[in-house]
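Just below is one structure, and these are the notes that go with it.
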Amino acid sequence: MIDTITVSPSLTPYASLDELLKNEDTNYVFSARNTHHSQSGQDKSRAWGQDTSKSVRFGFDEDKKINRVEGNLPKLLDAARGNLKPSNGIQIKTQAEFDAGVSALLFELIKLCGNVSCSDLPISRIDLVLNLHLNPREVLPLMRHARHPMVRRETETYRNDGSSWKSNLVNPFENLNTVRFSGTKTVITLYDKVRQLLSKQGKTWPDETICVRVEVQLKGKAHIAKAFGQPEANYITLDEVNFENCYHVFRSILCQFDHVGKLPLFKPNLVNLLATHELYPECWGIYGGMSPLEWYRTTSKVTDKTFKEMRRQVRRAVMELKQFNWHEILHPTQLPDLVDIDHKGRETFIPSPWGWGR
């Protein structure tokens, strides 16, 4: 459930920073550099380090204390098990795996700083992640129409081959790999994990995959506390999160995509015409290779305000016509169907593993 997590403690390492920078401990690599601040006219030293498995990174403040720790729980879990390659499907999907990953992170800190507990670790970033059993060729093109109340910026889309969505493909979105909603403190990313993994390895990927990886990244201590039901708190610590409440936060945020009305009576108007054609990119040839919305903007020469209102109505109609509903995919008391992915990009279907029995 948790992928990357960053905590912001104030911890004194067992050895001085100068000693750590000698890199005599083969379990870690530490570095430092001086930077000049033009406004203050002073030179400041910045130091950081990481364990040799590259699962945990450390940052130091001006007092040479550890003030930032970033860990990847799936990698930590694999390292703790002695696995050199990913073996947990690149996701944490049980409370036992969650506990083992957190224990591995804590163990790295204890080796550096002595007695440390989860209550000493305020969370400043947390990535909530699951590999959902969904068809990326259907979900990704659809989600580019979605809007989220926690994100004001324009939705970002990325392809596998780097070509523009205006290219002369029969379906301009057949290679769409990533849809990202990038807010200041909330970032939601949906992508085809198999294609991403294999493209990094320079390998070809299958035409059909069964998994959409969904990542919800929360940043800022107070923002995270509010998302976890503590709006008055300045932060929450690592001992206050578990697999279940992480899933409920993940679900709550994704279900906010569903704030649209029920399917309306279909009327022969421009909004519904554009929305219908947005769902069938193979028809975009009649628009000169443009999306229907861009065709509308180009040919009608409307103002930005008018276009944004039309886009809002079309996006809503698309989501209503398709009837894609996160409430139906993410059950409140049971995990959805998942997909494990190994280091070779092979997918394994995992029927809804377990629930909370209420």
- Which links in LYS226/LYS305; LYS221/LYS305; LYS54/LYS111; LYS22/LYS64 stretch past 25 Å when you go from one Cα to the other? LYS226/LYS305; LYS221/LYS305
- Size of charge dipole - the stretch 277-358 - debye, nearest 20, with Cβ of Lys, Arg +1 and Asp, Glu -1, no other charges: 460 debye
- Task: Against the globular-protein guess of 2.2 N^0.38 Å, express the Cα radius of gyration of the chain as a ratio, rounded to two decimals.
- Result: 1.13
- Query: For the chain, what is the mean residue ellipticity at 222 nm derived from helices alone (per DSSP H run of n ≥ 4: -39500 (n - 2.57); sum divided by total residues; nearest 500 deg cm²/dmol)?
  - Reply: -9000 deg cm²/dmol
- Note on the structure: Counting only DSSP loop positions in the stretch 275-358, the chymotrypsin sites (Phe, Trp or Tyr not before Pro) whose Cβ has at most 11 other Cβ atoms within 10 Å are TRP354
- Message: Can you order the peptides 54-67, 17-30, 145-158 by their average number of other Cβ atoms within 10 Å per residue, highest first?
- Response: 54-67, 145-158, 17-30
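Going by a ≥ b ≥ c, the root eigenvalues of the Cα gyration tensor, does the stretch 218-358 fall in the rounded group (a/c under 1.5), the prolate group (a/b larger than b/c) or the oblate group? Intermediate values should be presented prior to the final figure.
On the way: a/c = 2.37, a/b = 1.76, b/c = 1.35.
Taking the square roots of the gyration eigenvalues as a ≥ b ≥ c, the stretch 218-358 is prolate.
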- Query: Using a ≥ b ≥ c from the Cα gyration tensor of the stretch 72-146 (square roots of the eigenvalues), is it rounded, prolate or oblate, where a/c under 1.5 gives rounded and otherwise the larger of a/b and b/c decides, a/b for prolate?
  - Reply: prolate
- Angle, helix 304-322 long axis vs. longest principal axis of the chain, Cα atoms, 0 to 90°, nearest 10? 90 degrees
- Query: Between the helical axis of 243-255 and the dominant principal axis of the chain, each derived from Cα atoms, what acute angle in degrees is found, rounded to the nearest 10?
  - Reply: 30 degrees
- Under unit Cβ charges (Lys, Arg +1; Asp, Glu -1), what dipole magnitude, rounded to 20 debye, does the chain have relative to its Cα centre? 1240 debye
- Compute the Cα gyration tensor for the stretch 201-240, then decide on rounded, prolate or oblate, letting a ≥ b ≥ c be the square roots of its eigenvalues: rounded whenever a/c is under 1.5, prolate when a/b is larger than b/c in the other cases, and oblate in all that remain. prolate
- 14 Å tail of the calculated P(r), the stretch 263-304, as % of Cα pairs: 49 percent
- Task: Would you work out which of CYS118, PHE250, TYR287 lies farthest towards the positive end of the dipole of the chain? Charges go on Cβ: Lys and Arg +1, Asp and Glu -1.
- Result: TYR287
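Suppose a student asked you for the relative contact order of the chain, using Cα pairs under 8 Å spaced at least 6 residues apart; what percent would you report? Let's see the in-between values first.
Working: 628 pairs, mean separation 61.4, N = 358.
Relative contact order of the chain: 17 percent.
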- Message: I need the trypsin sites (Lys or Arg not before Pro) found in the stretch 308-351, filtered to DSSP loop residues with at most 12 other beta carbons within 10 Å of theirs.
- Response: LYS344, ARG346
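How big is the charge dipole of the stretch 1-64 about its Cα centre, in debye rounded to the nearest 20, if each Lys and Arg gets +1 on its Cβ and each Asp and Glu gets -1 on its Cβ? It would help to have the intermediate numbers written out before the result.
On the way: 7 positive and 10 negative charges, 44 e Å.
Computed charge dipole of the stretch 1-64: roughly 220 debye.
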- Task: With an 8 Å cut-off on Cα pairs and a minimum separation of 6 or more residues, tell me the relative contact order of the stretch 266-348 in percent.
- Result: 27 percent
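No value in this document is a laboratory result; all are computed from the given coordinates. As the structure is a computational prediction, the values presented were derived from the model and not from experiment. No Cβ is skipped: glycine too gets one built from the backbone with ideal geometry, and neighbour counts run over all protein chains shown.
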